[in-house]
Structure formats: C-alpha cells, structure tokens
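Single-structure report; data block below.
Please treat every number below as a calculation from the coordinates, not as lab data. This structure is a prediction, so every number in the text was calculated from the model and none was measured. Quick reminder, even Gly has a Cβ in these numbers, built from the backbone with ideal geometry, and neighbours come from all protein chains shown.
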Amino acid sequence: MPFTDITGHEQSISLLQASLSNKRLAHAYLFHGDAHIGKHMTAVRLAQVLNCDRPVLTETPDSCGQCRSCVQIAAQTHPDYFVIEPDAEAATPQIKIEQIRELEQQFVYRPLIGEQKICLIDDADRMTIGAANALLKTLEEPPGHSLFILVTSRLHALPITIRSRCQALRFTSPARTQVEAALILKRELPPADARLLALLTDGRIGEALTTNVADVRARQQECLALVQPESLTSNTTILSASEALAKSDRGAETLSWLTRWIRDLVIVLVDGDRDQILHLDQLSQFQRFANRANIDLLLTLMSDMEKHAQQATRHLNVQMALEATFLRLREALGLVPAGAAT
C-alpha cells in the first residue's frame, strides 16, 4: 500500500518524500514515538517506495503497493529487505548480537533485484549492548547501497551513539478525528464505536485497527455495573468482584476502565471539554454523582491509580488494589460517610 494509506504523520512523510525527490535520503533513520501509532507502517512504505517496480513518479514519490516488490516487502519475503525484531516468545524479548552479525553478512553484497538493501529494526531499543555495538560499526561505515530504519517507542533506551548516527523523525499520535475516520472507512464501524476506540487507545491507530469492539463493549459494561450505587455500597459485591477479576487476570484492565470513568466524572465536575468524555452516554449518571461527589478525593484516587498502573504487574496485588479502589471510590462519591473507606 502507498503512503496515502497511512493515517496522520503528514510532516514526517513529507520530509521523506522530499528527500526521495532530491535523492538525499539519509543512510539511517530513527523513527520514534508512542507505540502503535504508525511508525512501523511508515518504515514499510518507505522500503516499498525505494524498491517499487511501478513507482509513482510525481513531486511526492510513492509506491504502487501492488507490484511484486511491494507485495514481497509487505510479506517480508523480498530478498533485499530484512526485518530484525526481538523474539516475542522469549521471557525477555531482545535483539541479539547474532542477529546483527547475520545482517552484516547480508549487507556485504549488492542488492539482488532492488535498488537498495533495506533493514528495518523494530523495537530497536531491545538490542543488547553487544548487538548495539555491532550495529554501531555498520552505521559508522554503511555500505553505499544500504538503508537502515530503526523503530522505537523508547527513544532514551537506545544508546546515544546509535541515536547520533541516525536521522531522527518523531512521530506523534494522529488526531482523534483522523483515527475515527480511518476506523469508519477501513473497519466500517459505526461512528459511536469508532469514537470509543479512538478515545480508548489515545489515538494509537495500530491498536485501534485491531481491537475487538465487542470485547471492549463487554468490558465497559462490566465496569459500569461495578460503579452503580447498589454495587459500591455492597461489601459482598466489592469483595467477590475484586477476587473474580483478579483470578481471571482482568484486574489491571478493570482498574484502567475505572480510571477512565473517574476521569470522565471529573471532567463533568469541572465543566471541562465533554468531547473528551469516553462514557458519553453516562452523562445523566455523572450529573447525579456530581451533586455529592468530593472532587479532591476523586483526584487523589485517580492519581494513585495511575501510579499503580505504572508499576510492574508482579509488584501489585491486583485484588487488594481493586478492593481499595472501590472502597475509596464510594466514599469519594458520597455513598458512605467520610472515613468509611479506611
């Protein structure tokens, strides 16, 4: 597929196309930004443009997306296109020095059928020290027929020596309206579902395009049931729900949903931008809670929950975190007397 298939990132793509037109492409690029926003896809499209059999030769160079070369690159079977990534099956996914050594051997030779040999290194921050040092030597003296594209969501985890030898392009999440339009067009989703996914993923288009809407709606309804007054005022419901969610490994996910729900309520309390509310169909309930909710307690609770989310799961007792969250939430909503949570 061509560059036009990518949602957002107009500035980065324009810079790449200008470099292609002027034949001033760098020997190594570093695409960095949040996960699942289109960095990897842009790298693949760049590789397709460079080796396309029927390129679009205009002021904005692009690939046809349909020729043998474009199809092979998309399928990672092109003889001049190499993808290096961590072993997803490993306990600690890493890019090892052996992978870089093998790459070096391939890049000694000229391209077999294309214009350039291209290497895409995904999750480049996962390189071991040995792998990074080995790649550094290649980046310092790159073969004339080569292009390296490093992709990372953790820029500062890459050694400065690697970063300094690449032309960096920063990618930011596409606008929510762009993500919604893409979901409606590519997945044929109703506008309400497209809005939900765009907000829930914070514009991470790759995640939004693959998330199961039915599963999301089911989890949302489960969370909404737990924040009903009759649920929050029942100790039995709180304890049994917390235990069941923790045992089913959905505790962390539920905490995330609860955080978004509290955030929506706070937006209503401070008369903020309602276009940012995820649970827009719950406005009437938010208004009822607004009359007695304690915004200071809600903000403190939300802050603590966000800190929990940043901790490694193995360091967090999810069941206890859920129980504490529900108890503190019902107090913040004015459903029980102050101090009852403790």
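Things to note:
- A simple count of charges around L245, restricted to other residues whose Cβ falls under 11 Å of its Cβ and scoring Lys, Arg +1 and Asp, Glu -1, yields -2.
- For the chain, calculated [θ]222 nm from helices alone, where every DSSP H run of n ≥ 4 adds -39500 (n - 2.57): -15500 deg cm²/dmol
- The modelled label-to-label distance between A214 and S240, using points 7 Å beyond Cα along the C-beta direction, is 2.7 nm.
- Net charge over other residues, Cβ less than 12 angstrom from the Cβ of A28 (K, R count +1; D, E count -1): 0
- Each Cα pair under 8 Å and six or more residues apart adds its sequence gap; the mean of these over the residue count of the chain is a relative contact order of 16 percent.
- The Cα atoms of the stretch 1-129 define a convex hull whose projected area, averaged across directions, is 8.5 nm².
- Compared with the direct C-alpha span, the chain from M320 to D275 gains 12.9 nm at full extension, assuming 0.36 nm per residue.
- Each principal axis of the stretch 119-256 carries a Cα extent, and these read 68, 36, 18 Å when sorted largest first.
- Long pairs among K96/K307; K23/K186; K39/K117; K117/K137, criterion Cα-Cα beyond 22 Å: K96/K307; K23/K186
- Under the convention that each Lys and Arg Cβ holds +1 and each Asp and Glu Cβ holds -1, the size of the dipole of the chain around its Cα centre is about 360 debye.
- Dipole axis of the chain (+1 Lys, Arg; -1 Asp, Glu on Cβ), positive-most option in Y109, A182, Y81: Y109
- For the chain, the convex hull drawn through the C-alpha positions has a volume of 156 cubic angstrom per residue.
- For the chain, built as a Gaussian network whose Cα springs stay under 10 Å, the top-fluctuating residue of F31, F171, F289: F289
- In this structure, Q287 and Q94 have a Cβ-Cβ separation that, at R0 = 41 Å, corresponds to a calculated FRET efficiency of about 0.20.
- Simple spin-label estimate for Y109 and S19 in nanometres, 7 Å along Cα-Cβ: 2.7 nm
- Note on the chain: dipole from Cβ charges, positive end direction compared against T300, A124, Q287; the farthest Cα belongs to A124.
- Residue among L183, L112, L136 with the largest mean-square fluctuation in a Gaussian network model of the chain, springs linking Cα atoms under 10 Å: L112
- Model label sites at T300 and S164, defined 7 Å from Cα along the beta-carbon direction, differ in position by 4.8 nm.
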